[in-house]
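*Asks:* Take a look at the following structure, please.
The values are calculated or read from the model by the stated rules, or taken from the named source; none is laboratory data. Note that the structure is a prediction, hence the values are computed from the model and not measured. When we count neighbours, we look across all protein chains shown, and the Cβ atoms used for this are built from the backbone with ideal geometry, even at glycine.
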Amino acid sequence: METIGKIRRRHHVGGESISAIARSLNLSRNTVKKYLNAQAEPAYRRSVQPKPQLGAFSVLIEQWLVSDAALPKARRRTARRLFEGLQAAGYHGAYDSVQRHVKAWKAAASVRGAVTQAFVPLSFAPGEVGQFDWSYEYVVLGGVTQTIKLAHFRLAHSRAMFVVAYPRETQEMVLDAHDRAFAFFGGVPQKMIYDNLKTVVDAVFSGKERQFNRRFLALANHYLFEPVACTPASGWEKGQVENQVGNIREWLFTPTPRFADFKELNAWLEQRCRELAERVHPDKQGTIAEAWAAERPALRPVSMPFHGYVEQPLRVSSTCLISVDRNRYSVPAAWAGKVVSVRISATHVRVAAEGNMIAEHERLFGRDQLACQPWHYVPILETKPGALRHGQPFIEWQLPLAIGVVRTFLLKQPKGDRAFADLLLAARSSGLEALDVACQLALEHGHPHASVVLNELRRLTEPTHRPIMEVPVALILRNEPAANCGRYDSLLGGCHV
C-alpha cells in the first residue's frame with residue numbers, strides 16, 4: 001500500500017512519467033499502470049488454494065478425520081500421524097498441505113457442530129426454589145495469597161444471594177454453609193438444586209434418580225427441604241447461581257481483597273450481600289431486598305440450627321493425640337490407647353466418649369500443626385514429673401505471672417519437678433485462678449515453697465463453714481446435761497497437786 005501511494009503521488013501530484021517512476025522503483029511499466037488505474041485495495045491471497053498433490057487424497061483424509069472424531073481425544077490421530085498414513089498410501093506432497101487441510105476441516109466441523117441453544121424464561125413462586133454452587137476465588141489472608149472455596153446460595157424468586165468462604169470443599173463445610181445461609185435468608189425454601197457433588201450425591205442413576213449422602217439427607221430432613229440434583233453437564237438447570245458465580249467474582253474479588261482471617265472475610269461477604277440486595281430486581285418493580293422481604297413469609301422458619309459435623313471413630317495415640325486432616329489434637333490422658341468419637345465441623349474438632357464431651361479444639365487448617373491443652377497431660381505428671389521441663393504442652397503453656405515465678409523458683413530446687421507437679425495436680429479442680437492467688441500470697445510472705453502454696457490453696461478452696469450434720473431423731477437427747485465446772489473440783493477430792 002505504501003508503494004501504491006507513492007506511485008500515485010509522484011504521477012498525479014509531481015507529474016512524473018510512468019517510465020521514470022518504473023525506472024526509479026525498479027518496477028515494470030505495466031505494474032505502474034495497474035496501480036495508477038486501481039480503484040480498490042489489491043488482494044494478495046488466492047481465493048482458491050490449489051492442491052495438486054493432496055487433491056487425490058482429500059476424500060481419504062476426511063474419512064479418517066470423521067472416524068477419529070468418534071474416538072476419545074487422547075486416541076485421535078494428529079496431523080503428523082495422518083501425514084504418515086497418507087505417505088504409506090502413496091502421497092508424495094508436503095506435510096504443510098496436510099496440516100492446513102486438517103486445520104480447515106476441524107474449523108468447519110466446529111462451525112457445523114455449533115448449535116445456538118434456546119431457553120424458556122422461568123418463573124418461580126415465592127419460597128419455592130433455592131440454588132447452590134461452589135466456586136474458587138483468590139484472596140490475601142494474613143498477608144498470604146490463598147485459593148479459597150466460596151459457597152453460593154440463591155433464592156430463585158427474589159434473587160437474594162448469600163456467599164460464605166471456606167478453606168476447602170468438604171462435607172462439613174457444605175453443612176455449615178447451609179446453616180449460615182438459612183439463618184441469613186430468614187427461612188428455608190421448599191427445594192434446593194445442586195450439582196452432582198460428591199459431598200451431596202453418592203450415586204447417579206438414570207433420569208433424576210439419585211442416591212444422596214446419608215449425612216446430607218439428615219440436613220435436608222432437619223430443615224424439611226427437598227434436594228434436587230441437576231442432570232449431568234446441564235448447568236442451566238440452576239442458571240441463576242451459575243451466573244452469580246461470575247458476577248460475585250467481578251464485583252467482590254476484582255481486585256484481590258485483603259483480610260486478616262476467614263472470620264473477617266465472611267463478615268465482609270455477608271455485609272456486601274446485603275448491600276447488593278439494594279440493586280434493582282431484573283424482573284420486578286423495586287429492589288431485590290424488597291422482593292426478598294416479600295418472599296420471606298413463604299420460607300419455612302428455622303426452629304433450631306443443624307449441628308453440621310462429620311463423625312468418625314479414632315484411636316488415641318500413646319501421646320494422647322488424635323490426627324484429623326493432617327493435624328493433631330490432644331485428648332485427656334485417661335483415654336490414651338482407647339477409641340473415641342471425633343466430631344469434625346467447619347470450625348471445631350470435638351471429642352466424645354461414653355456419651356460425654358471430653359475435649360474441644362478450634363479446627364486447624366494446613367498441615368502438621370499441633371493443638372494441645374496442657375490440662376490433658378497434667379495427670380501424667382503424677383508418675384512422670386520430669387515431663388515439665390521438656391514436654392511440649394508445658395513449654396508452650398502461658399501461665400500467669402505469679403505461677404511462672406513460683407515455677408522458676410521450684411525448678412531450681414532439688415526435686416522441684418515433683419513439687420510443681422503437685423501444685424498443678426492440686427489445682428485440677430480449682431483452676432489456675434485459685435493457684436495464681438495462692439502463689440501471690442506465698443510470694444508476699446517471701447516463702448514461695450510448694451508446701452506454703454498448697455496451704456494457701458487449701459485455705460482458698462476449702463469451705464469456710466463446715467456443713468451442719470443432720471442428727472437422727474432417735475439420737476437427740478431429751479434432757480441435755482447442764483454445764484457445771486464444779487464437778488471437776490469434786491473429782492479431785494480435795495487433793496491438790
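*Asks:* Going by the structure shown, is D422 buried (at least 16 other Cβ atoms within 10 Å of the Cβ), touching a residue at least 24 places away in the same chain (Cβ under 8 Å) and touching a Pro at 6+ places or on another chain (Cβ under 7 Å)? Even if it seems obvious, please write down each step before you answer.
*Replies:* Working: buried (at least 16 other Cβ atoms within 10 Å of the Cβ): yes; touching a residue at least 24 places away in the same chain (Cβ under 8 Å): yes; touching a Pro at 6+ places or on another chain (Cβ under 7 Å): no.
Considered against the rule, which asks whether it is buried (at least 16 other Cβ atoms within 10 Å of the Cβ), touching a residue at least 24 places away in the same chain (Cβ under 8 Å) and touching a Pro at 6+ places or on another chain (Cβ under 7 Å), D422 comes out as no.
*Asks:* Right, something else. If you go through the stretch 408-417 one residue at a time, do you hit one that is surrounded by 17 or more Cβ atoms within 10 Å (Cβ to Cβ), in contact (Cβ under 8 Å) with a residue 60 or more places away in the chain, more than 30 Å from P305 (Cα to Cα) and not hydroxyl-bearing (S, T, Y)?
*Replies:* No, there is no match, as no residue in the stretch 408-417 is surrounded by 17 or more Cβ atoms within 10 Å (Cβ to Cβ), in contact (Cβ under 8 Å) with a residue 60 or more places away in the chain, more than 30 Å from P305 (Cα to Cα) and not hydroxyl-bearing (S, T, Y).
*Asks:* Consider H307 carefully, then state whether it is modelled with pLDDT under 90 and within 22 Å of F182 (Cβ to Cβ).
*Replies:* It is true that H307 is modelled with pLDDT under 90 and within 22 Å of F182 (Cβ to Cβ).
*Asks:* Conditions: (1) closer than 21 Å to I380 by Cβ; (2) buried (at least 18 other Cβ atoms within 10 Å of the Cβ). A402 meets all but one. Number of the miss?
*Replies:* Only one criterion is unmet by A402, namely (1).
*Asks:* May I pose another question? I need the full set of residues from the stretch 441-475 which are among the β-branched types (V, I, T), more than 30 Å from L401 (Cβ to Cβ) and at pLDDT below 80, in order please.
*Replies:* Kept after step one, since they are among the β-branched types (V, I, T), are these residues of the stretch 441-475: 452-453, 461, 464, 468, 471, 473.
Okay, now just the ones that are also more than 30 Å from L401 (Cβ to Cβ), so 468, 471, 473.
Scanning the stretch 441-475 gives I468, V471.
*Asks:* Also, quick follow-up: Have a look at I380, I395 and point out the one that is hydrophobic (A, V, I, L, M, F, W, C), out of contact with any Asp or Glu (no Cβ under 8 Å at 6 or more places or on another chain) and either surrounded by 13 or more Cβ atoms within 10 Å (Cβ to Cβ) or assigned by TED's automatic domain parsing to the domain that holds F262 (or both). Talk me through it step by step, then tell me what you get.
*Replies:* Details: I395 fails: either surrounded by 13 or more Cβ atoms within 10 Å (Cβ to Cβ) or assigned by TED's automatic domain parsing to the domain that holds F262 (or both).
I380 is the lone residue from the list that is hydrophobic (A, V, I, L, M, F, W, C), out of contact with any Asp or Glu (no Cβ under 8 Å at 6 or more places or on another chain) and either surrounded by 13 or more Cβ atoms within 10 Å (Cβ to Cβ) or assigned by TED's automatic domain parsing to the domain that holds F262 (or both).
*Asks:* Provide a single number: the residues in the stretch 383-392 that are surrounded by 13 or more Cβ atoms within 10 Å (Cβ to Cβ) and small (G, A, S).
*Replies:* Here the count works out to 2.
*Asks:* When you look at G366, is it more than 20 Å from V324 (Cα to Cα), of a type outside the set (A, V, I, L, M) and outside the structural domain of D417 (by TED's automatic domain parsing), yes or no?
*Replies:* It is false that G366 is more than 20 Å from V324 (Cα to Cα), of a type outside the set (A, V, I, L, M) and outside the structural domain of D417 (by TED's automatic domain parsing).
*Asks:* Continuing with the same structure: Restricting the stretch 109-125 to residues that are modelled with pLDDT under 85 and surrounded by 10 or more Cβ atoms within 10 Å (Cβ to Cβ), which is farthest from Q240 (Cα to Cα)?
*Replies:* My answer is A109.
*Asks:* Additional query: Could you list, in sequence order, the residues of the stretch 294-309 that are crowded, with 16+ Cβ neighbours inside 10 Å and in contact with a strand residue (DSSP E or B) (Cβ under 8 Å, 6 or more places away or on another chain)?
*Replies:* E295, L299, V302, Y309
*Asks:* When you check A334 against the structure, is it surrounded by fewer than 14 Cβ atoms within 10 Å (Cβ to Cβ), in contact with a helix residue (DSSP H, G or I) (Cβ under 8 Å, 6 or more places away or on another chain) and not in a strand (DSSP E or B), yes or no? First the steps, then the outcome.
*Replies:* Values: surrounded by fewer than 14 Cβ atoms within 10 Å (Cβ to Cβ): yes; in contact with a helix residue (DSSP H, G or I) (Cβ under 8 Å, 6 or more places away or on another chain): yes; not in a strand (DSSP E or B): yes.
Against the criterion (surrounded by fewer than 14 Cβ atoms within 10 Å (Cβ to Cβ), in contact with a helix residue (DSSP H, G or I) (Cβ under 8 Å, 6 or more places away or on another chain) and not in a strand (DSSP E or B)), A334 qualifies.
*Asks:* With (1) more than 28 Å from R215 (Cα to Cα); (2) buried (at least 16 other Cβ atoms within 10 Å of the Cβ) as the list, and Q240 as the residue in question, which single condition is left unmet?
*Replies:* (1)
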